[in-house]
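Below is one structure; the comments refer to it alone.
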Amino acid sequence: MSSRPSDRARIVTWNVNSVRARLDLVDRFLLEHRPDVLCLQEIKVQTDLFPRSWFEERGYRHQAVHGQRNHHGVATVSRLPLTEVSSRDWCEKGDARHVAARLPGGVMLHNFYVPAGGDEPDRDSNPRFAHKLDFLDEMIAWSRELSEPSIMVGDLNVAPLERDVWSHRQLLKVVSHTPPETERMEAMRAAHDWVDVMRHFVSADEPLYSWWSYRSKDWRKSNRGRRLDHVWVSPVLQGGLKAMQVFDDARSWERPSDHAPVIVDLDLPVG
DNA sequence: ATGGTTGGGGGCCAA
């Protein structure tokens, strides 16, 4: 473990698929990688049952939690101060799918969990898919209005590029890689000129995944992955990007999440 | 074409 300058931050996004079921894995991850900020999705716990003191004991005493019973839920826990914590009700569904907080230096950090969209990629017959497309449309409009330096992370449940899935052709009609979804991702990216941080470090020619289904016997051998998790930054932050890693070892830990943590090191503006 | 697995919450649904 090496020390980093004070303006260098390590930010991680990880869909943990239930934070309470995954505390041992989170513990191991925090010890091995020492993120400054950990953005979790699918915490699957209501806000007042989030394990706040557990994270405080490990140094993550700044917390922005937006949870609900059963499903969804996001939480950002940090060793750096978080101010102006807020969340927005996307699509007026009352779902806990977003939480925002301001980092030292003034950058806003947005943590998202976009609807998965169900199985059938048809908005007329599948209300879950319609909800997903509407949610992405709201994010496009939001990105267009965004003026301040921002970091957006989370499980966006879309693999936008051809090499973000194990087979572009075979997944064109599979929810997460259909044209209505991937076109919206590109429209969203263009609306703020977002920098796709993972692809800043790994060429679009190279396969790059962050999720592997539970339903494959040997996920690493078959490697039928998808890049559903993302880190995007405002153009002004691009020069500060230092490193990125999909920590897929965590996918092989005991009782894993089906998503791997995405680790990004970057220099934040000095406040 | 199908089934494969997981977590939450209570006896299936969402992913």
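Is it fair to say residue A:177 is in a loop (DSSP other than H, G, I, E, B) and in contact with a strand residue (DSSP E or B) (Cβ under 8 Å, 6 or more places away or on another chain)?
Judged against the criteria, residue A:177 is a match.
Report every pair of residues separated by at least 6 positions or lying on different chains whose Cβ atoms are under 9 Å apart, first residue within the range A:111-135 and without any contact (Cβ under 8 Å) to a residue 40 or more places away in the chain and at negative phi, second assigned to a loop (DSSP other than H, G, I, E, B) and buried (at least 20 other Cβ atoms within 10 Å of the Cβ).
A:126/A:117; A:126/A:175; A:128/A:115; A:128/A:117; A:128/A:175; A:130/A:117
Which condition does residue A:86 not pass, out of (1) in contact with a helix residue (DSSP H, G or I) (Cβ under 9 Å, 6 or more places away or on another chain); (2) closer than 20 Å to residue A:232 by Cα, if it passes all the others?
(1)
I'd like to verify a number: residues in the range A:97-123 that are assigned to a loop (DSSP other than H, G, I, E, B) and of a type in the set (Lys, Arg), how many?
So the count comes out to 2.
Which condition does residue A:92 not pass, out of (1) out of contact with any Phe, Trp or Tyr (no Cβ under 6 Å at 6 or more places or on another chain); (2) within 15 Å of DNA strand B (Cβ to nearest atom), if it passes all the others?
Of everything listed in (1) out of contact with any Phe, Trp or Tyr (no Cβ under 6 Å at 6 or more places or on another chain); (2) within 15 Å of DNA strand B (Cβ to nearest atom), residue A:92 misses just condition (2).
So, in the range A:19-29, how many residues would count as being assigned to a helix (DSSP H, G or I) and either hydrophobic (A, V, I, L, M, F, W, C) or within 7 Å of DNA strand B (Cβ to nearest atom) (or both)?
4
Taking the range A:187-231 as the search range and keeping residues that are part of a helix (DSSP H, G or I), among the charged types (D, E, K, R) and surrounded by fewer than 14 Cβ atoms within 10 Å (Cβ to Cβ), which one is farthest from the chain's Cα centre (by Cα)?
Checked the range A:187-231; the qualifying residue farthest from the chain's Cα centre (by Cα) is A:221.
This table checks each residue for (1) free of Cβ contacts under 8 Å to residues at least 24 places away in the same chain; (2) buried (at least 22 other Cβ atoms within 10 Å of the Cβ); (3) away from DNA strand B (no atom under 16 Å from the Cβ).
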site	(1), (2), (3)
A:31	yes, no, yes
A:37	no, yes, yes
A:51	no, no, no
A:68	no, no, no
A:80	no, no, yes
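Restricting attention to the range A:210-221, which residues are near DNA strand B (Cβ under 10 Å from one of its atoms) and without any contact (Cβ under 8 Å) to a residue 12 or more places away in the chain?
Hits for the range A:210-221 are A:215, A:216, A:217.
Sort out which residues of the range A:82-115 are of a type in the set (A, V, I, L, M) and surrounded by fewer than 19 Cβ atoms within 10 Å (Cβ to Cβ), and write them in order of number.
Answer for the range A:82-115, where residues must be of a type in the set (A, V, I, L, M) and surrounded by fewer than 19 Cβ atoms within 10 Å (Cβ to Cβ): A:85, A:108.
Among the residues of the range A:232-271 satisfying the criterion of being of a type in the set (D, E, K, R) and not in a helix (DSSP H, G or I), which is farthest from residue A:185 (Cα to Cα)?
Top of the filtered list is A:254.
Quick grid of which residues meet (1) under 24 Å from residue A:247 (Cβ atoms); (2) in contact with an Asp or Glu (Cβ under 9 Å, 6 or more places away or on another chain); (3) not basic (Lys, Arg):
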residue	(1), (2), (3)
A:58	yes, yes, no
A:70	no, no, yes
A:78	yes, yes, yes
A:86	no, no, yes
A:101	yes, yes, yes
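Looking only at the range A:3-18, filter to residues that are more than 15 Å from DNA strand B (Cβ to nearest atom) and in a loop (DSSP other than H, G, I, E, B); which one of those is modelled with the highest pLDDT?
Filtering the range A:3-18 for residues that are more than 15 Å from DNA strand B (Cβ to nearest atom) and in a loop (DSSP other than H, G, I, E, B), the one modelled with the highest pLDDT comes out as A:7.
Please state which one of A:265, A:258, A:205 is away from DNA strand B (no atom under 16 Å from the Cβ), of a type in the set (D, E, K, R) and under 21 Å from residue A:157 (Cα atoms).
Residue meeting the stated conditions: A:205.
The values are calculated or read from the model by the stated rules, or taken from the named source; none is laboratory data. All of these numbers come straight from a predicted model, not from anything done at the bench. All Cβ positions, even for glycine, are placed from backbone atoms using ideal geometry, and neighbour counts span all protein chains on display.
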